[in-house]
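What follows is one structure encoded as structure tokens, with my remarks underneath.
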Amino acid sequence: MKRYLVLAASMSVLGFASAHAQTFPSTSFDNSARITQTGNLNEAEIDQAAGGTINGQGRAEIIQTSNRNDASITQTSATSPFGAGFANTALIDQRRARGDASIDQIHDYLVTRNNNALIVQITPDATASIQQRGDRNTGTIRQLAGSAVPVASIDQNGRINTAIVEQRGSNGVVEVVQGTFQAGPGTSPVTFNSRVDIDNDGANADIFVSQIGFNHDARVIEDGANGVITITMEGASNAATVTQESRDGLVEIEATGSANIAEVTQASSDEGSIARVIQSGNFAISEIEQLDDATSGGFNIAEVNQTGLATGSGNILSTILQNGGTNLAFVDQASAYAQSDIVQTGTGHLANVAQ
């Protein structure tokens with residue numbers, strides 16, 4: 001179910017691309033630019049930030065159907081605020097082989113307008129990056145068709161932002177950071193209410209998520225052997241949910257601040273996987289499941305370290321479920337009122353709780 005939710009979110013963002021494609025030329029005095037290229041070794045650039053100002057909201061598209069393409073879009077509206085509608089929309093679509101795409105968007109904080117950036121790459125050796133400053137932005141990267149060594153990066157600063165990555169292919173790299181992008185005028189506010197959805201389907205994935213602020217939500221689905229997933233959260237009331245449907249996976253979640261939740265599920269005859277949760281704030285909840293769906297898994301390790309202070313029962317809670325054989329579970333809780341629940345089914349397990 002979680003995978004379908006992520007894909008639905010991606011398709012909803014794609015909706016803006018199809019509607020967006022029908023706006024050229026703009027009928028409301030906005031800036032509109034479209035570049036279409038076929039053939040090899042093409043480069044395309046759209047800059048809707050001349051002199052740091054624009055004459056209207058920016059709409060930009062680059063479509064490249066060829067090999068070894070390079071495309072970039074830059075949009076700035078921080079010095080030309082609008083009372084309604086959107087700030088900027090940008091689309092880069094690359095097909096065939098070796099695509100490199102980047103979108104940079106800047107607009108003001110404390111506004112209801114939004115930036116929308118979408119990169120679609122149906123190409124091996126795909127590299128994509130999105131940087132967005134301001135509130136209510138959505139950045140989406142879709143690298144499909146079994147891309148080899150795809151790289152996706154989204155950097156957002158502001159509030160109520162959304163980052164979506166759908167990646168197919170082996171040896172993929174995904175990096176999403178919310179809360180540090182400083183480009184453009186103005187002072188960065190505390191970030192909150194942002195969301196990350198990552199869906200990776202390929203072996204040897206390397207996924208990194210960093211969220212700074214509060215009320216953030218990070219969801220990662222990874223389906224391939226030897227995946228490495230790292231999530232760091234700095235702030236309060238954040239939630240991280242990871243589903244790793246592969247063998248020999250590694251999941252590490254580290255959260256500072258109070259009222260954080262970490263959930264890890266490693267399944268599909270899980271074998272040789274490691275799940276590690278570190279929570280240093282109060283009111284911490286952790287749940288790890290390492291499941292053997294075909295009675296051939298085992299040799300998994302679950303580690304939980306919770307150092308925050310609790311003021312009542314259930315404030316610090318760790319739950320671990322393991323089945324299969326020869327699994328290890330370690331829980332270290334340095335607090336009063338801490339609760340730990342470990343359930344292991346199968347043979348040869350080891351469990352250790354320190355409170």
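Is it the case that Ala236 is in contact (Cβ under 8 Å) with a residue 40 or more places away in the chain and not hydroxyl-bearing (Ser, Thr, Tyr)?
On the way: in contact (Cβ under 8 Å) with a residue 40 or more places away in the chain: yes; not hydroxyl-bearing (Ser, Thr, Tyr): yes.
Judged against the criteria, Ala236 is a match.
From the set of residues in the range 182-200 that are crowded, with 23+ Cβ neighbours inside 10 Å and not acidic (Asp, Glu), which is modelled with the lowest pLDDT?
Residue satisfying both the conditions and the ranking: Thr191.
Select from the range 313-341 the residues that are of a type in the set (A, V, I, L, M) and more than 33 Å from the chain's Cα centre (by Cα) and list them in ascending order. Steps first, answer last, please.
Taking the range 313-341 first, the residues of a type in the set (A, V, I, L, M) are 316-317, 320-321, 328-329, 331, 334, 336, 338.
The one that is of a type in the set (A, V, I, L, M) and more than 33 Å from the chain's Cα centre (by Cα): Ala336.
Mind checking which strands (runs of 3 or more DSSP E) fall wholly inside the range 278-330 and carry at least 3 residues that are modelled with pLDDT of 95 or more and touching a Phe, Trp or Tyr at 6+ places or on another chain (Cβ under 8 Å)?
Working: elements: 285-290, 301-306, 316-325.
Per the criteria, 301-306.
Can you tell me how many residues within the range 225-251 are more than 19 Å from Ala302 (Cα to Cα) and buried (at least 22 other Cβ atoms within 10 Å of the Cβ)?
Going residue by residue through the range 225-251, those that are more than 19 Å from Ala302 (Cα to Cα) are 233-238.
Checking the rest, the ones that are also buried (at least 22 other Cβ atoms within 10 Å of the Cβ) come to 233, 235, 238.
Number satisfying all stated conditions: 3.
So which residues in the range 114-126 are surrounded by fewer than 22 Cβ atoms within 10 Å (Cβ to Cβ) and either charged (D, E, K, R) or in contact with a strand residue (DSSP E or B) (Cβ under 8 Å, 6 or more places away or on another chain) (or both)?
Ile122, Asp125
For Ser77, indicate whether it is closer than 18 Å to Arg142 by Cα, buried (at least 18 other Cβ atoms within 10 Å of the Cβ) and at pLDDT below 90.
Numbers: closer than 18 Å to Arg142 by Cα: no; buried (at least 18 other Cβ atoms within 10 Å of the Cβ): yes; at pLDDT below 90: yes.
No, not satisfied.
Tell me the residue from Gln344, Gln279 that is surrounded by 17 or more Cβ atoms within 10 Å (Cβ to Cβ), without any contact (Cβ under 8 Å) to a residue 40 or more places away in the chain and under 25 Å from the mean Cα position of the chain (by Cα), please. Even if it seems obvious, please write down each step before you answer.
Working: Gln344 fails: under 25 Å from the mean Cα position of the chain (by Cα).
Selected residue: Gln279, the only one of Gln344, Gln279 that is surrounded by 17 or more Cβ atoms within 10 Å (Cβ to Cβ), without any contact (Cβ under 8 Å) to a residue 40 or more places away in the chain and under 25 Å from the mean Cα position of the chain (by Cα).
Hey, among the residues in the range 158-181 that are modelled with pLDDT under 90 and touching a Phe, Trp or Tyr at 6+ places or on another chain (Cβ under 7 Å), which one's farthest from Thr241 (Cα to Cα)?
Among those that are modelled with pLDDT under 90 and touching a Phe, Trp or Tyr at 6+ places or on another chain (Cβ under 7 Å), it is Gly158.
Hey, can you tell me all the residues within the range 135-179 that are surrounded by fewer than 24 Cβ atoms within 10 Å (Cβ to Cβ), among the charged types (D, E, K, R) and closer than 25 Å to Val111 by Cβ?
Scanning the range 135-179 gives Arg136, Asp155, Arg159.
Kindly provide the set of residues from the range 118-176 that are closer than 18 Å to Ile73 by Cα and in a loop (DSSP other than H, G, I, E, B), ordered by number.
Ala126, Gly134, Asn137, listed by residue number.
Determine the pairs where a residue that is within 27 Å of Phe214 (Cβ to Cβ) and at pLDDT below 90, located within the range 248-270, has a partner that is outside any loop (DSSP other than H, G, I, E, B) and of a type in the set (A, V, I, L, M) with Cβ atoms under 8 Å apart, the partner being 6 or more residues away or on another chain.
The qualifying pairs are Gly257/Met233.
Under the condition of being closer than 23 Å to Leu110 by Cβ and in a loop (DSSP other than H, G, I, E, B), which residue from the range 56-74 is modelled with the lowest pLDDT?
That would be Gly56.
The values are calculated or read from the model by the stated rules, or taken from the named source; none is laboratory data. Quick caveat: nothing in here was measured; it's all calculated off a predicted structure. Every residue, glycine as well, gets a Cβ built from its backbone with ideal geometry; the counts of neighbours run over all protein chains shown.
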